[in-house]
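Some notes on the structure that comes next.
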Amino acid sequence: HSYIAKQQSNFLIQKENELQPGECIVICDFAENYAFVLQDAIQGIHWNNDQVTIHPFAIYYKENGKKHFVNFVAISDCLKHDTIAVHLFQRDLIAFLQEKFDNLNEIFYFSDGSGAQHKNKKNFVNLYYHKRDFNVMAELHFFATLHGKGPCDGLGGVIKRLAAKASLQNVNDPINTPEKFFLWVNKNIVNINTKFFSIQEYKTEMLELEDRFRKAKMIPGTLKHHSFIPRKNGKIEIKITSSASTSTIVNIFKK
């Protein structure tokens, strides 16, 4: 486990150093949900929606040979942390990146390998269709599971801490709905790029992806592999570590 952790961290550093124009690294993971903090919350008042989903994306790129960092944070009243939500957020993440870079042509995603969200057959099918969906190539790399707190935790933590503080200070207008949370973050935290996604958008996304998910096939040994690169004809190249010299080509669709 520590061998893989080290290999993956080294690969990330190497990738950061070798980034070309039009390429970026995106580290993506759900932060823990934010639970609304209310001053003098009267016992017995139960907000039926007392949490909000936060999914930060930490983005690294190079300009004139120098490394830069930017972020994009999805905020949603939909509390499902799954592949559908990730794909929905990616739509706006990529639109945001395409606006920022003239020639975005490849994204290297890194994630901590949570099965429900990123490391599963549905997400591998989405990865396979990434170029078709967004006109941008992509690779997916995983850290050793829960290898530590990365930039996504940092971004999520800052947002939650500041919102909780503001909500406690403002008794007359507490931050007590996902929409208010989003508006507050958007207005009050500089240098954080946010977008709100509704439950309705999630449901629409679910219907759009249903068909491809039905055809998705389980990849044996998913857990021990940490690198996934789309190839042609319904295949993906998988490796145990991202810098490994050997790989396996697997079919990702049911026959």
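The values are calculated or read from the model by the stated rules, or taken from the named source; none is laboratory data. None of the values given here were measured: they were computed from a predicted structure. Don't worry about glycine lacking a Cβ; one is built from the backbone with ideal geometry, like all the others, and counts go over all protein chains shown.
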* **Single unsatisfied condition, Glu237 versus (1) free of Cβ contacts under 8 Å to residues at least 60 places away in the same chain; (2) in contact with a strand residue (DSSP E or B) (Cβ under 8 Å, 6 or more places away or on another chain); (3) farther than 27 Å from Ser2 by Cα; (4) acidic (Asp, Glu)** => (3)
* Asked: Right, Phe124: under 12 Å from the mean Cα position of the chain (by Cα) and buried (at least 18 other Cβ atoms within 10 Å of the Cβ) or not?
  -> no
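Each row is one residue, and each column tells you yes or no for (1) of a type in the set (Gly, Ala, Ser); (2) modelled with pLDDT under 95; (3) under 26 Å from Lys215 (Cβ atoms).
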site	(1), (2), (3)
Asn71	no, no, no
Lys119	no, yes, yes
Lys122	no, no, yes
Lys131	no, no, yes
Thr145	no, yes, no
* Asked: Given the conditions (1) free of Cβ contacts under 8 Å to residues at least 24 places away in the same chain; (2) of a type outside the set (Gly, Ala, Ser); (3) surrounded by fewer than 16 Cβ atoms within 10 Å (Cβ to Cβ), and given that Leu162 satisfies all but one, which numbered condition is not satisfied?
  -> (1)
* Just need a number here: residues in region 73-94 that are under 10 Å from the mean Cα position of the chain (by Cα) and within 17 Å of Leu183 (Cβ to Cβ). => 2
* Would you please name the residue that is nearest to Lys121 (Cα to Cα), looking only at residues in region 207-253 that are among the polar types (S, T, N, Q) and in a loop (DSSP other than H, G, I, E, B)? => Asn233
* State whether one or more residues within region 130-139 are buried (at least 16 other Cβ atoms within 10 Å of the Cβ), among the small types (Gly, Ala, Ser) and on the phi < 0 side of the Ramachandran plot. => yes
* Near pairs, Cβ below 6 angstrom, 6+ apart or cross-chain, from region 168-192 (at negative phi and of a type outside the set (Val, Ile, Thr)) to any residue that is exposed (fewer than 14 other Cβ atoms within 10 Å of the Cβ) and assigned to a helix (DSSP H, G or I) -> none
* Asked: Quick one: is Phe96 buried (at least 19 other Cβ atoms within 10 Å of the Cβ) and either touching a residue at least 60 places away in the same chain (Cβ under 8 Å) or under 21 Å from Ser242 (Cβ atoms) (or both)?
  -> no
